[in-house]
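Data block below; observations after.
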Amino acid sequence: LWNGEQAYPPMLAAIAAATESVDLATYIFENNAQGRTFAGALIDARRRGVRVRVLIDGLGEWYSPGIGRRLRRGGVELLRFNPLRPLPSNLNINLRNHRKLLLVDRRLGFTGGMNIGDRHLLDPSRVRHPVADLHFRLRGPILQDLDAVFVDVWQQAGGEETEITVVPPEPMGSSHCRVIADGPDKNLDQLALVLQAATGAARRSLCIMTPYFLPSRELIAGLQSAALRGVAVEILLPGVNNLAYVHWATRHLLPDLLQRGVRVHYQPPPFHHGKLVIVDDYYVLLGSANIDPRSLRLNFELGVEVYDPAFAARLGGEFRARVANARPVTGAELSTESLAARTRNALCWLWSPYL
């Protein structure tokens, strides 16, 4: 589901059709027109007798405050993950819940990179700085694992202990899926290791789309090795980043990749926030994590592995169509940057573990 235009209507329709439960976890829940539309749908579901639980990150809430009060007034069960507060003191900006997850009646799920708010609608008349993104709708046995992730993070935020509802698996298609929970707890480095394994397994093609690209030295070596053994490694980044210092830090490391045959492309505006890894047109890794230290070491993230050649080939085709409309980054472009720009980029790279 590309962008809010494709993702939000089925999400709202699922909430409107809920009969038993709605569980929503998100990093940012904006207090604007689209956010209030979601809040209204959640409150309506609660009034119908549906149990509605919403988890908002304690730092992400401050991007657009106010929606929490609206939800609580409507009877929705609301928790904040690791909230910022003066007393007792908690001003820690790390250890954030960056997962995006909607579960309806434990029969339908949505996950990916999309927060909730006007910014993900690309209509320029509705939002000043639109953000393109990618989300996915899921059915089948995978929902039981997604439910376990929600229950775990709900309890971490102070919610009551809940037993996981065991639902007999009912395959809904040909995809083989697995949930990967990642975070600075027992799940530390899960997604980082999966990314390294996927890179090492690639034999023909490796496609990576991410808004923030500050890979570890181990992953850089893996990408270089893949390109040197003949894998077509394509990395798709936003041409204009909403975090300029991340863009500058990334430009410092790109020569190491380009000289080994990795191809890097800049997507034209709007800023693209989607995350996607495709290996050999049979394996897909989707979810909430960026490829940077904050996502892979400090945040609580959610990934879903999908083994399905038809699904991967479809996404691979869409990826390559975006590459065709993107601008390739060349070594000559990077080498002709001014000394001031290269110094700025290097300094930002030094701070990359904290960006």
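The values are calculated or read from the model by the stated rules, or taken from the named source; none is laboratory data. Keep in mind the model is a prediction, meaning the values are calculated, not measured. Here Cβ is always computed from backbone atoms with ideal geometry, including for glycine, and neighbour counts include all displayed protein chains. These accessible areas exclude ligands, DNA and RNA; they are computed on the full protein's heavy atoms, side chains included. Shrake-Rupley method; radii C 1.70, N 1.55, O 1.52, S 1.80 Å.
Percent of accessible area on segment 2-104 owned by carbon and sulfur, 1.4 Å probe?
So the carbon and sulfur contribution to the accessible surface is 55 percent.
Local charge sum around Y245 (other residues, Cβ-Cβ under 12 Å, Lys/Arg +1, Asp/Glu -1)?
Around Y245, the surrounding residues sum to +1.
222 nm [θ] for the chain, helices only, -39500 (n - 2.57) per DSSP H run of 4+, per residue, to 500?
About -11000 deg cm²/dmol.
Check L188: other-chain or 5+ apart residues with amide H under 5 Å from its amide H, H built from backbone geometry?
Placed amide hydrogens put G183 under 5 Å from L188.
If a/c stays under 1.5 just call it rounded; otherwise compare a/b with b/c (prolate if a/b is bigger, oblate if not). Do that for segment 217-348, with a ≥ b ≥ c from the square roots of the Cα gyration tensor eigenvalues.
Prolate.
Arrange the peptides 140-147, 205-212 so that the one whose residues have, on average, the most other Cβ atoms within 10 Å appears first.
Numbers: 140-147: 19.4, 205-212: 23.9.
Output ranking for 140-147, 205-212: 205-212, 140-147.
Run the numbers on segment 30-103 and let me know its relative contact order in percent, using alpha-carbon pairs under 8 Å that are six or more apart.
32 percent
Tell me, how many Å apart are the Cα centres for segment 1-74 and for segment 91-105?
Answer, in whole Å: 13.
Would segment 1-145 count as rounded, prolate or oblate if I go by the C-alpha gyration tensor, calling it rounded below 1.5 in a/c and otherwise prolate when a/b exceeds b/c, oblate otherwise?
Rounded shape, in that the Cα axes give a/c under 1.5.
Quick one: 3J(HN,Hα) in Hz for segment 204-214, Karplus 6.51/-1.76/1.60 with θ = phi - 60°, rounded, Gly and Pro as x.
10, 8, 9, 10, 10, 10, 7, x, 10, 10, 10
Hey, could you grab the Kirkwood Rh for segment 248-296? Inverse mean 1/r over distinct alpha carbon pairs, Å, one decimal.
Averaging 1/r across every pair of different Cα atoms and inverting gives 13.1 Å.
With θ set to phi - 60°, apply the Karplus curve 6.51 cos²θ - 1.76 cosθ + 1.60 along segment 183-199 and write out the HN-Hα couplings as whole Hz, x wherever there is a Gly or Pro.
x, x, 9, 5, 9, 4, 6, 4, 6, 4, 5, 5, 4, 5, 5, 5, 5
Could you state the orientation-averaged shadow area of the convex hull built on the Cα atoms of segment 78-133, in nm² to one decimal?
Over every viewing direction, the Cα hull of segment 78-133 projects on average to 6.2 nm².
Mind checking Rg over Rh on segment 218-276, alpha carbons, Kirkwood formula for Rh?
Working: Rg = 12.1 Å, Rh = 12.2 Å.
That ratio equals 0.99.
May I ask for the net charge around Q224, where only other residues with Cβ less than 13 Å from the Cβ of Q224 are counted and Lys, Arg are +1 while Asp, Glu are -1?
+2
Roughly how much of D292 is accessible, in Å² to the nearest 10, using a 1.4 Å probe?
10 Å²
I need the phi-derived Karplus couplings for segment 333-343: 6.51 cos²θ - 1.76 cosθ + 1.60, θ = phi - 60°, integer Hz, Gly and Pro marked x.
4, 6, 6, 8, 5, 5, 4, 5, 5, 5, 5
Taking a probe of 1.4 angstrom, what is the accessible area of R320 in Å², to the nearest 10?
Ignoring ligands and nucleic acids, R320 comes out at about 110 Å².
For the chain, what's the relative contact order in percent, using C-alpha pairs closer than 8 Å and at least 6 residues apart?
Working: 750 pairs, mean separation 60.0, N = 355.
Taking the mean separation of contacting Cα pairs over the length of the chain, I get 17 percent.
Within the set of other residues whose C-beta is less than 14 Å from the C-beta of Y354, count the net charge using Lys and Arg as +1 and Asp and Glu as -1. All intermediate terms of the calculation are to be shown ahead of the outcome.
Details: positive: R96, R294, R297; negative: D292.
Summing Lys/Arg as +1 and Asp/Glu as -1 gives +2.
Per q in 0.10, 0.13 Å⁻¹, report the Debye log10 I(q)/I(0) for segment 103-219, using one uniform scatterer on each alpha carbon and no solvent.
Log-scaled intensity ratios, in q order: -0.45, -0.77.
Mind checking the per residue accessible area of segment 45-129 for me, 1.4 Å probe, whole number of Å²?
On a per-residue basis, segment 45-129 sits at 48 Å².
Which residue, chosen from P309, G158, L347, occupies the Cα position most advanced towards the positive end of the dipole of the chain, where the dipole is computed from +1 (Lys, Arg) and -1 (Asp, Glu) charges on Cβ about the Cα centre?
My answer, from the dipole projection, is L347.
Just to be sure I understand: of the beta bridges DSSP finds with both ends in segment 221-355, what percent are antiparallel, rounded to 5?
On the way: 11 of 16 bridges.
Antiparallel: roughly 70 percent of the beta bridges in segment 221-355.
How much space per residue, in cubic angstrom, does the convex hull of the C-alpha atoms of the chain take up?
Enclosed volume per residue, from the Cα hull, is 140 Å³.
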